[in-house]
Amino acid sequence: MGVSLTKAAQWTTGGKLEFTSMNETLLREILSFVEELGSRHPQEAEQVLKEPLRWSTTLTASDFKTDYDISDSGVQSHEKDAEGRPLLQLCPPTVNVRSFGQLCKLVHLAADKKLDELRACLEENRDAMVQMFGNGLEKEDNQTDVPRLVKEEEDEVKVKLFHLVQNLDELLIKKLLKEITETVELDCATVNNDVESLKELCRDGEKPALESIRFTSDYEFSNGCRAPLWRQVHGEICYLVVEPCDTETLYITCSNTAVFLNAGIKQEVEESGYERTSDTYKDLLTLLKSRSPHFAEHMNKQKIKAGEFDEMNEKGQEKESYRQREKNVNEKTRKHHVPRKRSAEKKYEPCPRWKNLGLMSPCGKAEEKKPKSSGLEKVQGSGARSRMKAEFSLSSLPGRLSSQKIKTPAGAMELSSESSSESEEEEEQSERRLESNTDLPPEYWQIQKLVKYLKGGDQTATVLTLCAMLDFNLMQETCQLAIRDVGGLEVLINLLDTDEVKCKIGSLKILRKISHNVQIRQAIVDLGGLQSIVKILDSPVKDLKALAAETIASVTRFRRARRTVRQYGGIKKLVSLLHCVPNLASLTAHQQKDVEVARCGALALWSCSKSTKNKEAIRKAGGVPLLGRLLKSPHENMLIPVVGTLQECASEESYRTAIQKEGMIKDLVKNLSSDNEELQMHCANALFKCAADKQTRDLVRNYKGLQPLVSLLAKVNNKQLLAAATGAIWKCSISVENVAEFQKYNVLESLVDLLTDQPEGVLVNVVGALGEFAQIPASKTTIRKCGGIKPLVDLLNGTNQALLVNVTKTVGACATDQDNMAIIDQLDGVRLVWSLLKNPSSDVQSSAAWALCPCIENAKDAGEMVRSLVGGLELIVNLLKSTNKEVLASICAAIAKIAKDKENLAVLTDHGVVPLLAKLTNTTDDMLRRHLAEAVGHCCMWGSNRASFGEAGAVAPLVRYLKSKDHRVHQSTAMALYQLSKDPNNCITMHEKGVVKVEEQEDMPVNHNNRSCICFCLTLKLTKL
Amino acid sequence: MAYNKRDMSLFNASSCHGNGVFTSPVEWRSIESHIVCFFFFLIKSEMSSMNRKIIHTLAESISKQVDHFSKTEVECLIREFNLLLGEPVSTGRTVSGLDKERFRSILHNNFGLTDDMIMDLVFRTFDKDNDSFVSVKEWIEGLSIFLRGTLEEKIKYCFQVYDLNGDHYISREEMFHMLKNSLIRQPTEEDPDEGIKDLVEITLKRMDHDHDGRLSFADFEKAVKDENLLLEAFGTCLPDIMSADAFELRVFQEPAEL
């Protein structure tokens, strides 16, 4: 009852027993013990306890019956002890019980409330053992105490009772452990075992259970985990990539609580993708069985083998379970409620530097406590360490799940290159505090002490304390949160408003580091720290300015912070930091500092420029020319933030013009040939965004920027760089001159090579570039010869909409070549393109419809091919109900091509193409008009469609098309009118609407063909009338 | 052994103050006599051309020995010195420089230093010949570091300031002495000095690289170079940038009016 209560039971902070199943079991056991004690061991039950058990009860005097003296004030039992005190005494709401016998009776009286009574009793008598038997038995696990007790007190009954209680204690612990071991978990060894066995299965003959299974990382930490340290904090052990035979590749996270699918961690170092995307499974086999039917089947078939496999696992687990049993007890001796487990231990290792310094004073004590109470634990391997009771981890699971999403690796600068950074905002999170009843790390206490000194120290003491604080590993989350939790953040921010330069410097040096933590960033903004930091930008002290800018750079990684900076005039101040002479060969110390300040300013602007309004503010503050000047700096550490800012801002039209006008293209091109890949990437990204403009494209060519871009394609390992470079190539290749230049460097071959095994970010750009190249007939042949058609068609199976738009466009462009079309047809490309009409994105729909046109035009047996696509025509006709003009235009164009085949036209007509087209005729969009007229013209060729168009009122609007300024509209309209005029009623309508007048007034350069068409239709009309 | 060597170098450094200013004691005498002449002169005639000439020559000789000031700046500083010196005290021998009281008030008014103890220490450091007065030469040499010293010079200067007993070590006790008023004492605590003691320990552990329980100059230098904030670890003994700039602006920009 001693050990089990103090250590195995789960207590809340308020000293209450938690309502967990563990505690429930424990209570029931104790209850049955108490109830049985009275009957089984009457002698022991009457033994008077040393101190009464006292608690507040819900029982009232009325609950007591005979054997009790019931008075107004309370209840007393008849039985008294040697000194005449009643064995049970009730003074509502407190009750005193001096023997187990009375306790038993009381419990009996309490009837259905007995569990609650017992719970209250245990909660209020935390040292029940001592109360019952006195201090001599405090260390109840120490057997030598019993003889001593016997000698001293000579009281057999008491000793017997003591043994009884101790037996109960043992029983309880065993029972609890059994429960724990049932919910055994994974650890590194188990996972490794599983993976090894599964690898065996992969090699298993002709029909392996799995294609492959591998770890994402070959590196194994000393604790057996393979996950990066910052993920281990979440209890994750390793990540696996499994290719089953029947389904798509599975990306699996093994954590010490469960196994589940993640969002796709392919490589060792990934920033994202750690979130859970599936249910959790208890182990790897279960997950694989449920995900891969083939695997499950395979495992069932080879039952013997699988049996062995399981047996092997079980053996391992048996071995572990004993250790775990002990471990659990020990674990609990340390922590009553442990939400963190191994990861916590990992995290709370004191910073080695402090260890060396021996700065242990109060914290040293905490450190010593651990080994004392967990002597056994030390002997056990790290495998056992990772095991904990499932229930514990479950209770902490919600917290952990939410923290998974919010975590960015502390310290890893994630200044991303992606263009539209607004989308990748970090979400604001609820606070997560170090839980008060866990073992706090030694750093916590040290930091708490330092913050105390900060609060009560003068300037000198403050500076010394700040320096001491800087010695902590401030990139460690424990330290970051500790500073916040002990109220250090407020003090640090207060220091920013003082006049003491040194204090401000020290404070900023700390803030700069701890603000890598998301929660700290938010806390700083919440506390109004950002305003103070922005104010410091005005300081005459350069070190201060630089530090403030650097801190801003790290704090403004979320939108609210960026807005705050703008609202307090920070952008203007930051821009003014950029004034310096960056490109002098030799700088004085002062100038060097200016350059440093400018660099930090650029860093801050880079970070701030992720908000659109800030981009505008930077431009208004005159930042663009200053950035242009800094762009001439020879130093990479200056160039990276500058180009970073520029490429971020280049999403705005105004910046693109400015970048071109300020002559920055030249410098950007120059830096493409830098040695620094990050710089190259930002330059390429900037060009990617700027090259949408024709003049810029020409400038890039003139500054000989095309070749460096092509040479970047060789850096296949740096995907971000590759994406940026291919993006720039794509946009540059919009100019025909550039395409010709590019072809000198055989860029098509390189691009086609990049069509496989690349991330989508790269693919989109590569395919986009190919699409531009394919506008030139020679390129189409080259693409085919390089084997580019097949990967392109394969990409039609993708899901990325941006990619699909580009792929369909490129496939369409390629399809204009007969030979290419043959290959596409052979690969069933048309069906794939067609099926993309079902895509929810209207961009993809229209792009696919445009691509269909050349496909249908150039396919050998187009009519037959179209008919073979079941439901295809209905799909196309239905798209005429779209509201998107681009989709409508493209669909009309496709219908015009399809309608060339009479049979297909008949089907189209059946699906009601005529009224749908007629409905659209009121449009004013020239693009749509042109293709619509074309479609109408072709659809007239079947049955009574001409009359139907007339009845649907399509003729009059069509006549109006002739007033359009676009001669291509005239051409197709003339065609349509010509066809329609074959129906006499339509001719009348046309005449009424004044076709002749329109034609005569027309002084546009209508080409001869048109004129003749219209003339023809007019003549026709006249003859009929 | 290495220990002694460092010791020696420190001794050398502190005795000739960085630049090896004094080539011989004779020269020093001559400067002293210059000053004395100059003061006599000052008393007799107000601002004569003669006076200017003397200041000029004095400035010339000093500026050769001081790194961070030009000749004209030295002249300005001499004038400022005279101004601060004001009326020489009563009769008898003319005073040879600023005494402690006066120096303190200069530090306080011009450079915003507040701690009396530190100001005394600064005085002691300025007053190289230990005659309880800061002479014009000591004044200019001191200011050269005070206002424009390089990091190395400032490290040496600060170390001298903090080395209370001049044994070339900053001991635990010295630290405690300098920091004893830097924390609000909590009356509730058993030992009100506990916080300061702890702070001293933390600082000592951080800066004492050779682990001998005291700070040698090498320890101090290394610690400051690692973290510049530790330059004035035990009390502000340098002006902050703003007041230094203000002082320079005032003294150097003003045309000679005397």
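None of the figures in this text is laboratory data; all of them are computed from the coordinates on show. Treat the numbers as computed from the prediction; the structure is a model and nothing was measured. Note: ideal-geometry Cβ built from the backbone for every residue, glycine included; neighbour counts use all protein chains shown.
Here the Karplus relation 6.51 cos²θ - 1.76 cosθ + 1.60, evaluated at θ = phi - 60°, turns the backbone of the stretch A:502-510 into coupling constants of 5, 4, 5, 4, x, 4, 5, 4, 6 Hz, with x for every Gly and Pro.
In this structure, the amide hydrogen of residue A:17, modeled 1.01 Å from its nitrogen in the peptide plane, lies closer than 5 angstrom to those of A:12, counting only residues at least 5 positions away or on a different chain.
Is there a simple number for the mean count of other chain Cβ atoms within 10 Å of the Cβ of residues in B:114-120, and what is it?
Details: counts 2, 3, 0, 0, 1, 0, 0.
Counting other chains' Cβ atoms within 10 Å and averaging over B:114-120 gives 1.
Sorting the segments A:445-457, A:901-913 by their residues' average number of neighbouring beta-carbon atoms within 10 angstrom, most packed first, yields A:445-457, A:901-913.
Once backbone amide H atoms are built at 1.01 Å from N, residue A:211 has A:243, A:245 as its partners under 5 Å, excluding neighbours fewer than 5 places away on the same chain. Charges were assigned to the Cβ only: +1 to each Lys and Arg, -1 to each Asp and Glu. The resulting dipole of the stretch A:442-527 about its Cα centre is roughly 140 debye. Each residue, residue A:222 and residue B:228, gets one label point 7 Å from its Cα in the Cβ direction; the gap between the two is 3.7 nm.
Among the chymotrypsin sites (Phe, Trp or Tyr not before Pro) in the stretch A:187-267, which ones are in a DSSP loop with at most 15 other Cβ atoms within 10 Å of the Cβ? Mind listing them? Mind dumping the intermediate values first?
Details: sites: A:215, A:219, A:221, A:230, A:239, A:251, A:260; in loops: A:219, A:221.
Taking the stretch A:187-267 and a limit of 15 other Cβ atoms within 10 Å, the loop chymotrypsin sites (Phe, Trp or Tyr not before Pro) found are A:219.
Averaged over the residues of A:462-469, the number of partner chain Cβ atoms lying within 10 Å of the residue Cβ comes to 6. Compute the FRET efficiency between residue A:775 and residue A:613 as 1/(1 + (r/R0)^6), taking r as their Cβ-Cβ distance and R0 = 45 Å, and round to the nearest 0.05. According to the calculation, E is roughly 0.75. The largest-to-smallest principal axis extents of the Cα set in the stretch A:442-527 are 29, 28, 17 Å. Residue by residue along A:450-461, Cβ atoms of other protein chains within 10 Å of the local Cβ number 6 on average. Peptide packing for A:467-476, A:678-687, A:959-968, A:885-894 was compared via the average number of neighbouring C-beta atoms within 10 Å per residue; ordered from the highest value, the list is A:678-687, A:885-894, A:467-476, A:959-968. R0 = 25 Å: FRET efficiency of residue B:132 with residue B:61, Cβ-based, nearest 0.05? Between residue B:132 and residue B:61 the formula returns 0.55.
Work out, step by step, the length gained on full extension between residue A:61 and residue A:794: first 0.36 nm times the residue separation, then minus their alpha carbon distance; give nm to one decimal. Numbers along the way, then the final one.
Numbers: separation 733, 0.36 × 733 = 263.88 nm, distance 8.38 nm.
Length gained, residue A:61 through residue A:794: 255.5 nm.
Please find the FRET efficiency linking residue B:242 to residue A:657, where r is the Cβ-Cβ separation and R0 is fixed at 60 Å, and quote it to the nearest 0.05.
Values: r = 43 Å, r/R0 = 0.71.
FRET efficiency, residue B:242 to residue A:657: 0.90.
Here the convex hull built on the C-alpha positions of the stretch A:794-836 has a volume of 53 cubic angstrom per residue.
Loop only by DSSP, 13 or fewer other Cβ within 10 Å of the Cβ. Give me the trypsin sites (Lys or Arg not before Pro) in the stretch A:212-289 that pass, ordered by residue number. The qualifying sites are A:266.
Here is the list for the stretch B:131-204: GluC sites (Glu not before Pro) lying in DSSP coil, each with at most 13 other C-beta atoms within 10 angstrom of its C-beta, are B:189, B:190.
Using 0.36 nm per residue of separation minus the Cα-Cα distance, give me the extension gain between residue A:670 and residue A:843 in nm, one decimal. Walk me through the intermediate numbers first.
Numbers: separation 173, 0.36 × 173 = 62.28 nm, distance 3.58 nm.
Extending this stretch completely gives an extra 58.7 nm.
Taken one residue at a time, the phi angles of the stretch A:46-60 give Karplus couplings (6.51, -1.76, 1.60, θ = phi - 60°) of 7, 4, 7, 6, 4, 10, x, 7, 10, 7, 8, 9, 9, 6, 10 Hz. Gly and Pro are set to x. Per-residue 3J(HN,Hα) values for the stretch A:588-601, derived from phi via the Karplus relation 6.51 cos²θ - 1.76 cosθ + 1.60 with θ = phi - 60°, read 6, 4, 5, 4, 4, 5, 4, 4, 4, 4, 4, 4, 5, x Hz in sequence order (x marks Gly and Pro). Using the alpha carbons alone, the radius of gyration of the stretch A:818-902 stands to its Kirkwood radius in an Rg to Rh ratio of 0.94. Amide H contacts under 5 Å for residue B:193: none, restricted to partners 5 or more places along the chain or on a different chain, H placed in the peptide plane at 1.01 Å from N. The modelled label-to-label distance for the pair residue A:694/residue A:31, using points 7 Å beyond Cα in the direction of Cβ, is 8.7 nm.
Any chance you could tell me what percent of the C-alpha pair distances in the stretch A:711-849 go past 27 Å? Can you show the working numbers first?
Details: 1244 of 9591 pairs.
Roughly 13 percent, once rounded to a whole number.
The gain in end-to-end length when the residue A:282 to residue A:941 segment is fully stretched comes to 230.6 nm, 0.36 nm per residue minus the alpha carbon separation.
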